[in-house]
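For reference, the structure is listed below as structure tokens.
Any read-out appearing in this document is the output of simple, stated calculations on the displayed coordinates, not a laboratory observation. The structure presented is a predicted model; accordingly, all values stated were derived computationally and were not measured. All Cβ positions, glycine included, derive from the backbone under ideal geometry; neighbour counts span all protein chains shown.
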Amino acid sequence: MTDAELRESLHRAGYIADESLATALWLAGELERPLLIEGDAGVGKTALAGALARARGQALVRLQCHEGLDLSQAAYEWNYGRQLLAIRLGETQPQGLKESDLFARDYLLERPLLQAISSEQPCVLLIDEIDRADEAFEAFLLEVLADYQITVPELGTLHARHIPQVVLTSNGTRELSDALRRRCLYHYLDYPSLAREIAIVRATLPEAEAALIEQAVSFVQRLRREDLAKAPGVAETLDWVRALHRLSFKALPEDPHALAATLACLVKTREDRFQLGEDRVRQLIEGRRAVGVAEKSPT
């Protein structure tokens, strides 16, 4: 599969990637290297891994990172309940149980990292928001990403049956180590251009009116240029257009009061909502009209 074919497959899976992103993802697969994607929340980093899995017809294994994430949550842990039950049952048998019997693979609970390594079929491994995990976990992750293996002291080193396509995402809440970055290909995913975001919304919400999609996306693009604590991402754009469509709007309402009532889909902090009063919303709506006039004017 070429990078152009991958881009087309992602499109069919519902994800519209630009050429640079598709090329980075294709190279990561060809070189069997993880792809680290950084960008603001809501630009489509997590959705990319899901679309890639659908495009390839593979399972998606997701590890959601958070502060305090440890080995037992990310890779594996022993099934202590079953081990205890086996010990009690062994007490009734003449030969009993040996310690090695209790640490057989059957008693191992696979968490996302080991699940991806042990998969019978190729899969996509999403390590989501790696910047939320501690540096200690990041150090453990290096073994997995460098050699696609996990060492379990009681069993030895478990090697990948198939090398998974690994996608790591980061919102940039902390700086990642140089060692982790060296093991990955890198792509910064920015907010989409106007044309690309319109295409994304059309592909996701084909039932919405074309005029509504174009005007709503233009409004969101202008809104992102405001001094907001949290700029709306693509997910918020989709929610907003979906809400406007459910309210039977065929185009963006020109009444600031009516429009302001729907901003719960876009604005997610008290400060931002306070900043976007009806006067400012009216100015953003008028900006739509000005752009429309400019686009139709002869050059």
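Key figures for this structure:
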| item | result |
| --- | --- |
| Rounded to whole Å, sorted largest first: equivalent-ellipsoid semi-axes of the chain, Cα gyration tensor | 47, 21, 17 |
| DSSP beta bridge pairing in the chain, given as percent antiparallel to the nearest 5 | 30 percent |
| Three-way shape call for the range 111-155 based on the alpha-carbon gyration tensor, with the a/c threshold at 1.5 | oblate |
| From phi via Karplus (6.51, -1.76, 1.60), per-residue ³J(HN,Hα) for the range 29-36 in Hz, x at Gly/Pro | x, 5, 8, 6, 10, x, 10, 8 |
| For the range 225-287, with +1 on Lys and Arg beta carbons and -1 on Asp and Glu, the positive-most of PRO232, PRO253, ILE285 along the dipole | PRO232 |
| Whole-number D in µm² s⁻¹ for the range 175-299, Kirkwood Cα-pair radius fed into Stokes-Einstein, 10 °C, 1.306 mPa s | 100 µm²/s |
| Mean Cβ neighbour count within 10 Å, used as a protection proxy, ranking 274-284, 142-152, 213-223 highest first | 213-223, 142-152, 274-284 |
| Computed magnitude of the charge dipole of the chain (debye, nearest 20; Cβ of K, R +1, Cβ of D, E -1) | 800 debye |
| Cα centroid separation - the range 1-60 against the range 149-163, whole Å | 27 Å |
| Sequence ranges 172-181, 30-39, ranked by mean other-Cβ count within 10 angstrom, highest first | 30-39, 172-181 |
| Between 0 and 90°, nearest 10: helix 210-223 axis offset from the chain longest Cα axis | 80 degrees |
